[in-house]
Amino acid sequence: MVVDLPRYKDATLDAVRERVLAGQRLSLEDGLALYRTRDIFTVGELANAVRERLHGRRAYYNINRHINYSNYCVLRCKFCAFYRPYPKSEAERPADGYDFSIDEIVGFAREAADHGATETHIVGGLHPKKSFEWYLDMCRAIKAACPELHLKAFTAIEIVHFTRISKPRLGIREVLTALRDAGLDSMPGGGAEIFDDRVHDEAFRAKVGEQHWFDVHHAAHELGIPSNATMLYGHIEGIEERLTHLIKLREHQDQAIARRDAYDAAVAAGKTPDGPRPAAFNCCIPLSFIPDGSEFGHLPGPTGLDDLRTLAISRLMLDNFAHIKAFWIMQSPKLSQVALNWGVDDFDGTVVWYDITKREGRGYNHQELTVEQIQRLMREAGCEPVERDSLYNVVRRDADGAVVGR
Ligand code: V47
């Protein structure tokens with residue numbers, strides 16, 4: 001006897017399916033339909049179709065090390081469990097506040113490079129005392145000690161902070177140029193949160209808003225510095241605000257790609273355009289909100305299905321982004337593995353130390369996956385694990401693990 005397996009099919013998704021399969025751009029309404037449907041298998045199937053069109057069964061990871069240089073921060077964002085107030089006196093110093101020296105940071109970076117890392121990802125709180133020179137010195141010292149490491153550092157929020165602490169006061173372009181000259185190779189996507197005034201005012205009022213975030217990434221891209229984009233979901237925003245956030249990222253990426261295409265066309269026509277080749281966003285990382293230890297600790301945070309749906313819908317909405325990353329620290333290794341069939345093609349990397357979010361209130365900032373563990377998760381999901389560098393070039397190693405090509 002043939003049993004017809006029950007499966008809920010939502011006919012209202014037929015038009016969305018047609019658009020996805022024809023490679024057409026989805027609208028806000030399409031995104032809402034994908035969020036509201038009970039037909040979750042179609043959502044996953046469509047995201048996977050796009051993922052396969054772009055990357056086949058390849059799944060990317062890198063060997064990296066995250067370094068959080070200090071958790072002292074002048075901001076008090078309600079979703080954040082990382083910041084500590086800077087003490088007014090020694091007696092008020094929080095037991096878990098920290099401030100690594102440049103020598104210590106260089107030591108972490110060197111140790112990472114010795115263990116095969118190709119990238120170090122460095123961010124921290126908005127420190128009230130450090131000078132802009134300190135950050136430049138840190139970049140120079142890392143590059144001098146570990147020239148083989150790609151230096152991905154500083155969210156757009158830190159860059160705006162640097163404009164305020166620099167003496168004489170510099171603009172965004174000048175800060176980025178100075179950092180690039182000191183060794184900065186690319187920028188991570190943090191600090192974007194949700195581009196919406198209501199959410200901004202309620203959850204991270206004192207933080208600079210979307211205009212500044214885009215101004216920084218625009219300037220970085222014009223200067224040829226690639227960057228990433230993020231969306232922090234699952235706190236007080238709604239699905240419409242998530243989709244609007246993604247659409248704003250998509251619009252920015254359209255402009256960045258157009259500038260790069262114009263540059264390439266000029267080169268092809270034998271002209272020498274001014275300045276470096278413009279850059280764009282490499283990937284988008286939808287970050288799953290972890291309430292533990294934050295002022296929003298009473299919120300439940302996203303469920304597993306919300307994680308999957310949001311990763312899949314990000315893949316579907318962001319048709320001009322090559323990569324969608326599940327940051328396994330936030331979505332968890334298990335859910336990130338499942339997401340490899342729901343539109344995700346990247347996992348971030350080995351990470352090793354991470355202090356910004358810790359699950360279930362545990363104090364550990366040692367959060368590491370080995371290459372073997374990452375590869376096992378990917379293979380079991382039917383994917384071919386591919387080690388990439390920060391710009392998604394494939395990394396080739398010899399039998400001893402030394403990088404022999406990209
Ligand atoms: O800017 C803060 C977010 C970001 C929480 O570019 C939280 O490759 C969840 O941006 N729950 C930092 N998220 C992380 C980040 C990142 C991570 C991995 C790769 C890349 C990349 C970027 O984490 C912050 C903020 O948006 N965040 N607190 C929290 N409780």
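The values are calculated or read from the model by the stated rules, or taken from the named source; none is laboratory data. Keep in mind that what you see is a predicted model, and the values were worked out from it rather than measured. Note that each Cβ is placed from the backbone with ideal geometry, even for glycine, and that neighbours are counted across all protein chains shown. Heads up: the accessible areas ignore ligands, DNA and RNA and are worked out on the full protein's heavy atoms, side chains in. Shrake-Rupley method; radii C 1.70, N 1.55, O 1.52, S 1.80 Å.
Of all residues in segment 75-90, which are farther than 26 Å from Met330 by Cα and either small (Gly, Ala, Ser) or within 16 Å of the ligand (Cβ to nearest atom) (or both)?
The one that is farther than 26 Å from Met330 by Cα and either small (Gly, Ala, Ser) or within 16 Å of the ligand (Cβ to nearest atom) (or both): Ser89.
In contact with a Lys or Arg (Cβ under 9 Å, 6 or more places away or on another chain), at positive phi and open to solvent by 30 Å² or more (accessible area, probe 1.4 Å) - does that describe any residue in segment 256-268?
Looking for residues that are in contact with a Lys or Arg (Cβ under 9 Å, 6 or more places away or on another chain), at positive phi and open to solvent by 30 Å² or more (accessible area, probe 1.4 Å), one finds none in segment 256-268, hence no.
Kindly establish whether Ala95 is surrounded by fewer than 17 Cβ atoms within 10 Å (Cβ to Cβ) and closer than 26 Å to Thr310 by Cβ.
no
Tyr60 fails exactly one of the following numbered conditions: (1) among the hydroxyl-bearing types (Ser, Thr, Tyr); (2) under 20 Å from Thr357 (Cα atoms); (3) in contact with a Lys or Arg (Cβ under 6 Å, 6 or more places away or on another chain). What is the number of that condition?
In the conditions (1) among the hydroxyl-bearing types (Ser, Thr, Tyr); (2) under 20 Å from Thr357 (Cα atoms); (3) in contact with a Lys or Arg (Cβ under 6 Å, 6 or more places away or on another chain), Tyr60 misses (2) alone.
For Met330, indicate whether it is open to solvent by less than 20 Å² (accessible area, probe 1.4 Å), out of contact with any Pro (no Cβ under 7 Å at 6 or more places or on another chain) and assigned to a helix (DSSP H, G or I).
Yes, satisfied.
Can you name every residue in segment 291-308 that is in contact with a helix residue (DSSP H, G or I) (Cβ under 6 Å, 6 or more places away or on another chain) and under 18 Å from Thr244 (Cα atoms)?
Asp307
Just to be sure before I move on: is Pro291 assigned to a loop (DSSP other than H, G, I, E, B), closer than 30 Å to Ala15 by Cβ, more than 17 Å from the chain's Cα centre (by Cα) and near the ligand (Cβ under 10 Å from one of its atoms) in the structure I sent?
On the way: assigned to a loop (DSSP other than H, G, I, E, B): yes; closer than 30 Å to Ala15 by Cβ: no; more than 17 Å from the chain's Cα centre (by Cα): yes; near the ligand (Cβ under 10 Å from one of its atoms): yes.
No.
If I filter segment 369-406 down to residues being under 17 Å from the mean Cα position of the chain (by Cα) and not basic (Lys, Arg), which single residue comes out as surrounded by the most Cβ atoms within 10 Å (Cβ to Cβ)?
Ser390
Which ones in segment 198-207 are open to solvent by 20 Å² or more (accessible area, probe 1.4 Å) and either within 19 Å of Asn282 (Cα to Cα) or not basic (Lys, Arg) (or both)?
Hits for segment 198-207 are His200, Asp201, Glu202, Ala206.
What's the number of the only condition in (1) away from the ligand (no atom under 13 Å from the Cβ); (2) in a strand (DSSP E or B); (3) of a type outside the set (Phe, Trp, Tyr) that Gln337 fails to meet?
(2)
Being among the β-branched types (Val, Ile, Thr) and away from the ligand (no atom under 14 Å from the Cβ) is the filter; apply it to segment 206-248 and report the residue that is farthest from Val175 (Cα to Cα).
Of all residues in segment 206-248, those among the β-branched types (Val, Ile, Thr) come to 208, 216, 225, 230, 236, 239, 244, 247.
After this cut, where a residue has to be away from the ligand (no atom under 14 Å from the Cβ) as well, the list is 239, 244, 247.
Details: Ile239: 35, Thr244: 29, Ile247: 28 Å.
This residue is Ile239.
Check whether at least one residue in segment 348-356 is among the hydroxyl-bearing types (Ser, Thr, Tyr), within 27 Å of Ser70 (Cβ to Cβ) and open to solvent by 30 Å² or more (accessible area, probe 1.4 Å), and report yes or no.
No; the residues of segment 348-356 include none that is among the hydroxyl-bearing types (Ser, Thr, Tyr), within 27 Å of Ser70 (Cβ to Cβ) and open to solvent by 30 Å² or more (accessible area, probe 1.4 Å).
Go through segment 310-327 and count every residue that is more than 13 Å from the ligand (Cβ to nearest atom) and open to solvent by less than 30 Å² (accessible area, probe 1.4 Å).
Of all residues in segment 310-327, those more than 13 Å from the ligand (Cβ to nearest atom) come to 311-320, 322.
Within this subset, residues satisfying the condition of being open to solvent by less than 30 Å² (accessible area, probe 1.4 Å) are 311-318, 320.
Looking only at that region, the number is 9.
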